[in-house]
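A.B. asks: Pasting a structure below so you can have a look.
The values are calculated or read from the model by the stated rules, or taken from the named source; none is laboratory data. Keep in mind the model is a prediction, meaning the values are calculated, not measured. Please note: Cβ atoms are built from the backbone with ideal geometry, for glycine as well, and neighbour counts cover all protein chains shown.
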């Protein structure tokens, strides 16, 4: 069913459950529900999504104070042992448009509710979009990243 596009960045739902507090690590076992509740989201909108094992979720870091948005550089997680890098060279939540992107496991589909595991967004987070994860969109070739990223990610999942 075709229809009018949403205004830019109009949420189509919210994260329900999972964590209430913003934390940095151990997201792998966290289960939450993507409650897609925009009036135009229907069973047709998610038809066939259960065939995918993983989703990519685009959301808003709505708990970040707009005045705390970073436009320069800083130490990731304020760790002085890691180099100062620009906000666009890290995945921190206090970025210019406060947009998060995360891949997670799709556990179950219940109407327009999607039960997921490993989504690093907290209860109440506005959802902007949901896409199935396709291996064809994974990076091609060798992935290069600095050493500090491995240290940062050690306990993330």
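A.B. asks: Could you figure out which of (1) surrounded by fewer than 14 Cβ atoms within 10 Å (Cβ to Cβ); (2) under 18 Å from the mean Cα position of the chain (by Cα); (3) closer than 30 Å to residue 51 by Cα; (4) at pLDDT 90 or above isn't true of residue 157?
C.D. replies: (4)
A.B. asks: Look through the range 17-33, keep the residues that are surrounded by 15 or more Cβ atoms within 10 Å (Cβ to Cβ) and on the phi < 0 side of the Ramachandran plot, and return whichever of them is modelled with the lowest pLDDT.
C.D. replies: 27
A.B. asks: Regarding the range 86-97, can at least one residue be identified that is surrounded by 15 or more Cβ atoms within 10 Å (Cβ to Cβ), without any contact (Cβ under 8 Å) to a residue 24 or more places away in the chain and not in a loop (DSSP other than H, G, I, E, B)?
C.D. replies: Yes: one or more hits.
A.B. asks: Same structure again: Quick one: how many residues across the range 39-67 are surrounded by 10 or more Cβ atoms within 10 Å (Cβ to Cβ) and either in contact with a strand residue (DSSP E or B) (Cβ under 8 Å, 6 or more places away or on another chain) or closer than 20 Å to residue 24 by Cα (or both)?
C.D. replies: 18
To keep it simple, each residue is scored yes or no on (1) in a loop (DSSP other than H, G, I, E, B); (2) within 21 Å of residue 23 (Cβ to Cβ); (3) out of contact with any helix residue (DSSP H, G or I) (no Cβ under 8 Å at 6 or more places or on another chain); (4) in contact (Cβ under 8 Å) with a residue 40 or more places away in the chain.
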residue: 44; (1), (2), (3), (4): yes, no, yes, yes
residue: 67; (1), (2), (3), (4): no, no, yes, no
residue: 114; (1), (2), (3), (4): no, no, no, yes
residue: 119; (1), (2), (3), (4): yes, yes, yes, yes
residue: 129; (1), (2), (3), (4): no, no, yes, yes
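A.B. asks: Same structure again: Suppose we filter 96, 83 for residues that are within 17 Å of the chain's Cα centre (by Cα) and farther than 26 Å from residue 17 by Cβ; which single one remains? Spell out how you get there, then give the answer.
C.D. replies: Details: 83 fails: within 17 Å of the chain's Cα centre (by Cα).
From the options 96, 83, the qualifying one is 96.
A.B. asks: Quick test for you: out of 101, 107, pick the one residue that is surrounded by 11 or more Cβ atoms within 10 Å (Cβ to Cβ), over 25 Å from residue 87 (Cβ atoms) and at pLDDT 90 or above. Before the answer, list the steps.
C.D. replies: On the way: 101 fails: over 25 Å from residue 87 (Cβ atoms).
None of the other options fit; the residue is 107.
A.B. asks: I'm trying to understand the selection: among the residues of the range 123-154, which are over 22 Å from residue 88 (Cα atoms) and surrounded by 14 or more Cβ atoms within 10 Å (Cβ to Cβ)?
C.D. replies: Hits for the range 123-154 are 123, 130, 131, 132, 133.
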